[in-house]
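The values are calculated or read from the model by the stated rules, or taken from the named source; none is laboratory data. Computed from a prediction, not measured in an experiment: that's the story for all the values here. Counting neighbours? That spans all protein chains shown, and the Cβs are built from the backbone with ideal geometry, glycine included.
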Amino acid sequence: MTVDEALLAEARGGDADAFGRLTEPYRRELHVHCYRMLGSLGDAEDLVQDTLLAAWRGIDRFAGRSSLRTWLYRIATNRCLNALRDRDHRPAYATAAQLPEPSRMDEVPWLEPYPFDVPTLGPEASVESREAVSLAFIAAAQTMPPRQRAILVLRDVLGFRGAEVASMLDTTEDAVASGLKRARSALASRAPVEAPPLPGSVAERRVVDAFVVAFESGDVPAMVELLTDDAWMSMPPLPLEYQGRSAIGEFFDAIVFVQGTRRWRLVPTRANGQPAFGRYVCDPQAGIARAHGVTVLTLAGTGIVRMTAFLGAELLPRFGLPRTLAD
């Protein structure tokens, strides 16, 4: 996109409205970029604001040797790297429930879902848009060293050239190539064996509809039957993960449905390009169902390979969902 020289001159002269019109076309994609880097929707929102503030303060230094988009991505990426360097270890999530022994501890308990489907990326990207914002991709990226993560996103997702990325990160093209090779290898080792069904396809709807019926009726055997043999379940920000039909079924029997005394409702939505639901727990005395969190399903083939049950009623308004439903 060519920079509007008249708008640029006005922005350099202190016109905030002109600066806003210059940068607004990039706000959404910068938000997705910061989310990929940080794994947290709230942190991404903060970093986009930080990026635009830094760009506004430094607009006089934009010399036009690169595109405005490239310049903004350079600022955003380095702001994200600074945030990752300064990020404290997050405290454990407090819960009074006695939970079953997990299969392992979650590597990325700060992960948050991204509302709705993501904007289509340009044809130069070598990773499909829905894969590059899937929970599996975001979680895998979070386990990489920050600069390696930045190289993967900038090169394979956004399609920047090696020389551009080296300039953004103040490093060499050789270092970029080496970091990209390691990042691709790490990503490949975590990829599911089978591809998911296409969004909105009959195959996807079949699994999703069966899951809703099983979950809302508290039919744990039917829900577990939809899982692959090696399926995982996690509950960010709880740092616990359960693997396999038996472990996940036992968790649902003991905690989620509490021997049939708790009822749930699911409201369909999409998160990270994947089927998702606003999750509500019914309160029969009040006659309402209260927001509890967001559940995202990761499908592989004809089964559910991962169930991510994000905790927190505050997540639902981000998806345009209410905090309560009439029961």
**Prompt:** Hey, does the stretch 277-288 have a residue that's assigned by TED's automatic domain parsing to the domain that holds Leu227 and in contact (Cβ under 8 Å) with a residue 60 or more places away in the chain?
**Reply:** yes
**Request:** Filter the stretch 153-182 for residues that are under 18 Å from Arg85 (Cβ atoms) and within 18 Å of the chain's Cα centre (by Cα) and give the result.
**Result:** Val153, Leu154
**Prompt:** Can you name the residue in the stretch 162-173 that is out of contact with any Asp or Glu (no Cβ under 9 Å at 6 or more places or on another chain) and closer than 23 Å to Ala140 by Cα and is also surrounded by the fewest Cβ atoms within 10 Å (Cβ to Cβ) among such residues?
**Reply:** Leu169
**Request:** Give the residue that is nearest to Arg306 (Cα to Cα), with candidates limited to residues of the stretch 174-183 that are surrounded by 17 or more Cβ atoms within 10 Å (Cβ to Cβ) and not small (Gly, Ala, Ser).
**Result:** Leu180
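Among the residues of the stretch 283-305, what is the count of those that are modelled with pLDDT of 95 or more, over 23 Å from Trp232 (Cβ atoms) and out of contact with any helix residue (DSSP H, G or I) (no Cβ under 8 Å at 6 or more places or on another chain)?
Looking only at the stretch 283-305, we keep the residues that are modelled with pLDDT of 95 or more, and these are 288-299, 303-305.
Now drop any that are not over 23 Å from Trp232 (Cβ atoms), which leaves 288-291.
In the following step, the residues that additionally are out of contact with any helix residue (DSSP H, G or I) (no Cβ under 8 Å at 6 or more places or on another chain) were identified as 288-289.
Here the count works out to 2.
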**Extreme residue, modelled with the lowest pLDDT, among residues of the stretch 253-269 that are among the charged types (D, E, K, R) and under 23 Å from Glu101 (Cβ atoms)** = Arg262
